[in-house]
Structures are given as structure tokens and as C-alpha cells.
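Enquirer: Pasting in a structure now, in C-alpha cells, and then I'll have a few things to ask.
The values are calculated or read from the model by the stated rules, or taken from the named source; none is laboratory data. Predicted model, so just to flag it, every value in this text is computed and none were measured. Cβ atoms come from the backbone with ideal geometry, glycine included; neighbour counts cover every protein chain shown. Keep in mind that these areas ignore ligands, DNA and RNA; they rest on the heavy atoms of the full protein, side chains included. Shrake-Rupley method; radii C 1.70, N 1.55, O 1.52, S 1.80 Å.
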Amino acid sequence: MVLFLILFLILFPILSGVITYFVSRKFEKAREILAIGLTVIEMIAMVVLIIIAPNSNQVLSIDKICGLGLSFSVNYFNLIYAFLSVFLWLMTIIFSKQYMLKYLHKGRYYLFYLITLSGVMGVFLSRDLMTTFIFFELMSFSSYPLIIHDEKDESKKAGKTYLSIAVASGMILLMGLFIIYKNLNTLDFYQIRELTRGNKLSTELFVGGILVLIGFGAKAGMYPLHIWLPKAHAVAPAPASALLSGI
């Protein structure tokens, strides 16, 4: 049940976005209600997971994806952040109903809005750095259509800056992961902790860690790597901007 809920929480937002997009093309009035209702289902699943598995030792592993596969698990730490993410998505998607009245392409907005939630859930429920990286990339690229949503020149320029930083930081981050894996033969959070606890770390491993910090830092808008952030948040719809800032 725990493993099913983890998989459900990660994949259901993508399915929700696709359903909302295609339904909205024929039944425009049902679009917002459907998007809100599907996000409520995600919230219910999140609450159930918190109740039945606050610190489960079960690991969901999916092999043969990007070489190392994907792995997910839950503990008190990531459940808190996953719950906050779903809660904020639900609140902002309710707010979007009124805010997006003046915008076109609402179906596309909700599609990528919910795909971004899938990326966030994958990040917070991941058990290793490779899984975190893959879903952080999903989150980064699915956020791009939200930034350029109104398709104005200013938005496209901001989106170009955002996408450039996302790609460059992703490559730097991936290089850091390669170095860490070369030295430790694992990217699992718990195994990294055990292998490095009380041991003298090599210079090469420190370099890998710094590259990971730069990669994630640039994506998260960490100073002084935040040059994309003021431009992107100024042009993105307010609900999306709130999430990009808060999450």
C-alpha cells in the first residue's frame, strides 16, 4: 500500500494534467472544477500516506531507468515537504480559477501546472541523488511554459534566461553526481551518509559536492546564482510565481 501511494502521488498529477487539458478542449466550464477535484484526490492520497507510513522502511525501486534506476522512500522529513507541496498546489489552483480569467490557453496552463507538481513530488519522495536530479529536471522544464504563458516578448526573454540556467546547471549537477558515484559507488542518501561519516573525504569528492551545490543552487535561485529569478517571477502568472518562490 505504501509503495502504491508513493507511485500514485508521483504519477497522478501528470495524468490529472493530461485529463484536464483534453477535457477542457470540449468542456471549458468544467476545467477548473476538474483540476481542483483531481488535486483534492492527490491531497487525500498524501494524508493517507502520512497516516499509514510516517517513517516506513519500504523502498520503491524502478530499475533500468537512466542506468541507476529510480528509488523512493518516505520518512518524517520528506513527508512534511511533500504534504506542504500538495497543500500549496491545492490552494494556488483554487486561486487560479479567478486569477486566470484574463488569460488564454488555460488548458495548457493546468497541464504544466500539474506536471510540475509531479516533479516536485518526485524530488521530495526520492531516496537517491539521481532520482532527485531526474525529477528536478522534470520540474524545471515543466515550469518553463508557465513562465512564458502570456507569450509576450518580455516573458519569452525571461523564459530563455530561465531555460539557459536550467540546462547549464543541470549539466553541472550531473557532472557532480558522476564524481560522487565514482568515489562512493552509490548515490543513495543513506549509503552516502554511512560511507562518509567519520571518514576523511577526498578532494575529488569535495569537488563533486561543490558542483552539486552549484547545480541545485542555480535551479533554486540561490544567491549569487539567481539571475533568472527576478525576470521569471515578474512575468509568470501569480499562482505559478508563488509556487516557484515557495517550493
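Enquirer: Going through region 186-231 one residue at a time, which ones are of a type in the set (A, V, I, L, M), closer than 22 Å to Ile134 by Cα and within 23 Å of the chain's Cα centre (by Cα)?
Expert: Filtering region 186-231 down to residues of a type in the set (A, V, I, L, M) leaves 187, 192, 195, 201, 205, 207, 210-214, 218, 220, 222, 225, 227, 229.
Then drop every residue that is not closer than 22 Å to Ile134 by Cα, which leaves 187, 192, 205, 207, 210-214, 218, 220, 222, 225, 229.
Matches in region 186-231: Leu187, Ile192, Ile210, Leu211, Val212, Leu213, Ile214, Ala218, Ala220, Met222, Leu225, Leu229.
Enquirer: Return yes when Thr186 is assigned to a helix (DSSP H, G or I) and either surrounded by fewer than 19 Cβ atoms within 10 Å (Cβ to Cβ) or touching a Leu at 6+ places or on another chain (Cβ under 9 Å) (or both) and no when it is not. Write out each step before concluding.
Expert: Numbers: assigned to a helix (DSSP H, G or I): no; either surrounded by fewer than 19 Cβ atoms within 10 Å (Cβ to Cβ) or touching a Leu at 6+ places or on another chain (Cβ under 9 Å) (or both): yes.
For Thr186, the condition - assigned to a helix (DSSP H, G or I) and either surrounded by fewer than 19 Cβ atoms within 10 Å (Cβ to Cβ) or touching a Leu at 6+ places or on another chain (Cβ under 9 Å) (or both) - is not met.
Enquirer: Also, I was wondering about something else. Taking the criterion of being closer than 30 Å to Lys231 by Cα, aliphatic (A, V, I, L, M) and open to solvent by less than 80 Å² (accessible area, probe 1.4 Å), would at least one residue in region 189-198 satisfy it?
Expert: Checked against the condition, which is being closer than 30 Å to Lys231 by Cα, aliphatic (A, V, I, L, M) and open to solvent by less than 80 Å² (accessible area, probe 1.4 Å), region 189-198 yields no hits at all.
Enquirer: Within the set of pairs 6 or more residues apart or between chains, which connect a residue that is over 22 Å from Tyr103 (Cα atoms) inside region 7-32 to a residue that is surrounded by fewer than 20 Cβ atoms within 10 Å (Cβ to Cβ) and hydroxyl-bearing (Ser, Thr, Tyr) with Cβ atoms less than 8 Å apart?
Expert: Filtered contacts from region 7-32: no entries.
Enquirer: For region 101-135, enumerate the residues that are at pLDDT 90 or above, open to solvent by 20 Å² or more (accessible area, probe 1.4 Å) and charged (D, E, K, R).
Expert: Arg127, the sole residue that qualifies.
Enquirer: Next question. Could you grab me the full set of residues in region 80-92 that are surrounded by 19 or more Cβ atoms within 10 Å (Cβ to Cβ), out of contact with any Ser or Thr (no Cβ under 7 Å at 6 or more places or on another chain) and at pLDDT 90 or above?
Expert: Of all residues in region 80-92, those surrounded by 19 or more Cβ atoms within 10 Å (Cβ to Cβ) come to 82, 85-86, 89, 92.
Next, from what is left, pick out any that are out of contact with any Ser or Thr (no Cβ under 7 Å at 6 or more places or on another chain): 82, 85-86, 92.
Scanning region 80-92 gives Ala82, Ser85, Val86.
Enquirer: Also, I was wondering about something else. Quick test of your reading of the structure: Leu5 fulfils all but one of (1) open to solvent by 40 Å² or more (accessible area, probe 1.4 Å); (2) farther than 26 Å from Ala242 by Cβ; (3) part of a helix (DSSP H, G or I). Name the failing condition by number.
Expert: If we test Leu5 against (1) open to solvent by 40 Å² or more (accessible area, probe 1.4 Å); (2) farther than 26 Å from Ala242 by Cβ; (3) part of a helix (DSSP H, G or I), just (1) comes out false.
Enquirer: Just to be sure I understand the filter: pairs with C-beta atoms under 6 Å, separated by 6 or more residues or on different chains, first member in region 162-184 and more than 19 Å from Asp128 (Cα to Cα), second member among the aliphatic types (A, V, I, L, M) and in a helix (DSSP H, G or I). Which pairs pass?
Expert: Listed pairs, sorted by first residue: Tyr162/Ile147; Tyr162/Ala232; Ile165/Ala218.
Enquirer: Criterion first (outside any helix (DSSP H, G or I) and open to solvent by less than 50 Å² (accessible area, probe 1.4 Å)) does Thr161 satisfy it?
Expert: no
Enquirer: Which residues, counting only those in region 8-51, are modelled with pLDDT under 85, surrounded by fewer than 18 Cβ atoms within 10 Å (Cβ to Cβ) and either not acidic (Asp, Glu) or not in a helix (DSSP H, G or I) (or both)? So that I can check it myself, show each step before the final result.
Expert: Filtering region 8-51 for residues modelled with pLDDT under 85 gives 24-32.
Restricting the remaining residues to those that are surrounded by fewer than 18 Cβ atoms within 10 Å (Cβ to Cβ) gives 25-30.
Scanning region 8-51 gives Arg25, Lys26, Phe27, Lys29, Ala30.
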